[in-house]
Amino acid sequence: MDNLEVPNLNLLKLQQLDEDEVISFTRRLPRAKGIDSALSNAMPMLRSCLDSFGMSCEFNRRKRFLRFSTTSEFVLDDPHDVITKARELLQLLALNIPPSLAIHVMYGRRCDIMEIGPQKNGLCTTFNINADQFHQRWKLLTAPALEELQTLTSCEILVGEAIVVSFGDSVQALNTIRKVVEECIVYNQPLKSRITSIKATMNIKNLEALRL
């Protein structure tokens, strides 16, 4: 899923864009189950969303890439913010995240992408976790307790084969999820016990707030 085009974008360049100048960025798409049909079905929604920000969307099913480009209607009030969000959306779609969820980043919802497998910067590579250990620890994240963690943090959490993607409105909540996931994968900590610890911490903070 390497970038085909990764322009060297900076705020000054974006502010100096001419109306006829186009910035494009592209992602190769994996041969993941269901990704083609999901993107095809979501094209009207994605194009409508990006169009409202002055951007276009091209999905080449045969060559397996997705490209976003600026148009003459590109929003220049905060170009850096729009480009950053669009590139994050493109990354999420290339990771086979449901488009209806991924699109929320364009409207300000926060997202955290965590590599937990044997990727170059994944937890398994960083902490020398072998395949058998990873397989067993990955199961900790698919337990029913995951739903409880979502409720506690008011976030949506998607667990893939080698990634965990979280969506929420609070940086603190996303950081909590990242820490819990790392403890499960790196230190083999059961998810349920971590949730119990989080609840205890929350109760203490609530009691302290009542004393004020």
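The values are calculated or read from the model by the stated rules, or taken from the named source; none is laboratory data. Just so it is clear, the structure is predicted and the values come from calculations on it, not from any experiment. So basically every Cβ, Gly included, is an ideal-geometry build from the backbone, and we count neighbours across all protein chains shown.
Does region 181-189 contain at least one residue that is assigned to a loop (DSSP other than H, G, I, E, B), touching a Lys or Arg at 6+ places or on another chain (Cβ under 9 Å) and at positive phi?
So far as region 181-189 goes, yes, one or more of its residues are assigned to a loop (DSSP other than H, G, I, E, B), touching a Lys or Arg at 6+ places or on another chain (Cβ under 9 Å) and at positive phi.
Consider CYS155 against the criteria (1) of a type outside the set (D, E, K, R); (2) within 28 Å of CYS57 (Cβ to Cβ); (3) in contact with a Pro (Cβ under 8 Å, 6 or more places away or on another chain): it satisfies all of them except one. Which criterion is unmet?
With respect to (1) of a type outside the set (D, E, K, R); (2) within 28 Å of CYS57 (Cβ to Cβ); (3) in contact with a Pro (Cβ under 8 Å, 6 or more places away or on another chain), CYS155 is out only on (3).
Could you list all residues from region 40-55 that are within 13 Å of SER72 (Cα to Cα) and buried (at least 19 other Cβ atoms within 10 Å of the Cβ)?
Within region 40-55, LEU50, PHE53, MET55 meet the criteria.
Would you mind stating whether SER72 is of a type in the set (Gly, Ala, Ser), farther than 20 Å from ILE157 by Cα, surrounded by fewer than 17 Cβ atoms within 10 Å (Cβ to Cβ) and modelled with pLDDT under 90?
On the way: of a type in the set (Gly, Ala, Ser): yes; farther than 20 Å from ILE157 by Cα: yes; surrounded by fewer than 17 Cβ atoms within 10 Å (Cβ to Cβ): yes; modelled with pLDDT under 90: yes.
So SER72 passes the test.
Check every one of the helices (runs of 4 or more DSSP H) wholly within region 74-130 and list those with 1 or more residues that are touching a helix residue (DSSP H, G or I) at 6+ places or on another chain (Cβ under 7 Å), at negative phi and not assigned by TED's automatic domain parsing to the domain that holds ASP36. Write out each step before concluding.
Working: elements: 79-94, 99-102, 123-126.
Ranges flagged: 123-126.
What are the residue pairs meeting all of these: first residue in region 183-207, first residue at pLDDT below 90, second residue buried (at least 17 other Cβ atoms within 10 Å of the Cβ) and of a type in the set (S, T, N, Q), Cβ atoms under 9 Å, and 6 or more apart or on different chains?
ILE198/THR153; ILE198/THR176
Residues that are outside the structural domain of ILE177 (by TED's automatic domain parsing) and within 25 Å of ALA162 (Cα to Cα): does region 43-58 have at least one? Can you show your working first?
Here is the first cut: in region 43-58, the ones outside the structural domain of ILE177 (by TED's automatic domain parsing) are 43-58.
When the remaining residues are screened for being within 25 Å of ALA162 (Cα to Cα), the result is none.
No: region 43-58 contains no residue that is outside the structural domain of ILE177 (by TED's automatic domain parsing) and within 25 Å of ALA162 (Cα to Cα).
Which ones in region 166-178 are in contact with a helix residue (DSSP H, G or I) (Cβ under 8 Å, 6 or more places away or on another chain) and either part of a loop (DSSP other than H, G, I, E, B) or free of Cβ contacts under 8 Å to residues at least 40 places away in the same chain (or both)?
SER170, ALA173, THR176
Considering every residue within region 105-119, establish whether at least one is more than 26 Å from ARG61 (Cβ to Cβ) and of a type in the set (A, V, I, L, M, F, W, C).
Of region 105-119, the ones more than 26 Å from ARG61 (Cβ to Cβ) are 107-110, 112, 114-118.
If we keep only those that are of a type in the set (A, V, I, L, M, F, W, C) as well, we get 114, 116.
Yes; the residues of region 105-119 include at least one that is more than 26 Å from ARG61 (Cβ to Cβ) and of a type in the set (A, V, I, L, M, F, W, C).
Identify all residues within region 43-96 that are in contact (Cβ under 8 Å) with a residue 24 or more places away in the chain and polar (S, T, N, Q); write none if there are none.
SER69, THR70, THR71, SER72, GLN91, ASN96
For the subset of region 137-147 comprising residues that are in a helix (DSSP H, G or I) and touching a residue at least 12 places away in the same chain (Cβ under 8 Å), which member is farthest from ILE157 (Cα to Cα)?
Initially, region 137-147 is screened for residues in a helix (DSSP H, G or I), giving 137-142, 145-147.
Right, trim to touching a residue at least 12 places away in the same chain (Cβ under 8 Å) and you get 137-138, 140-142, 145-146.
Working: ARG137: 17, TRP138: 14, LEU140: 14, LEU141: 10, THR142: 10, ALA145: 12, LEU146: 8 Å.
This residue is ARG137.
Is it true that ASP81 is under 20 Å from ASP169 (Cα atoms), acidic (Asp, Glu) and surrounded by 17 or more Cβ atoms within 10 Å (Cβ to Cβ)? Break it down into steps so the answer makes sense when it comes.
Values: under 20 Å from ASP169 (Cα atoms): yes; acidic (Asp, Glu): yes; surrounded by 17 or more Cβ atoms within 10 Å (Cβ to Cβ): no.
The answer is no for ASP81.
Inspect region 105-123 for any residue being more than 30 Å from LEU66 (Cα to Cα) and surrounded by 12 or more Cβ atoms within 10 Å (Cβ to Cβ) and give the result as yes or no.
Residues of region 105-123 that are more than 30 Å from LEU66 (Cα to Cα), as a first pass: none.
Checked region 105-123: no residue is more than 30 Å from LEU66 (Cα to Cα) and surrounded by 12 or more Cβ atoms within 10 Å (Cβ to Cβ).
Somewhere in region 106-124, is a residue touching a Pro at 6+ places or on another chain (Cβ under 6 Å) and closer than 28 Å to THR176 by Cβ? Spell out the reasoning first.
The first filter runs over region 106-124 and keeps only residues touching a Pro at 6+ places or on another chain (Cβ under 6 Å), leaving 124.
Still in the running and closer than 28 Å to THR176 by Cβ: 124.
For region 106-124, residues touching a Pro at 6+ places or on another chain (Cβ under 6 Å) and closer than 28 Å to THR176 by Cβ: present.
Which of the residues that make up region 150-165 are farther than 16 Å from ILE185 by Cα and outside any loop (DSSP other than H, G, I, E, B)?
Step one: filter region 150-165 for residues farther than 16 Å from ILE185 by Cα, giving 150-156.
Of everything in region 150-165, those that are farther than 16 Å from ILE185 by Cα and outside any loop (DSSP other than H, G, I, E, B) turn out to be GLN150, THR151, LEU152, THR153, GLU156.
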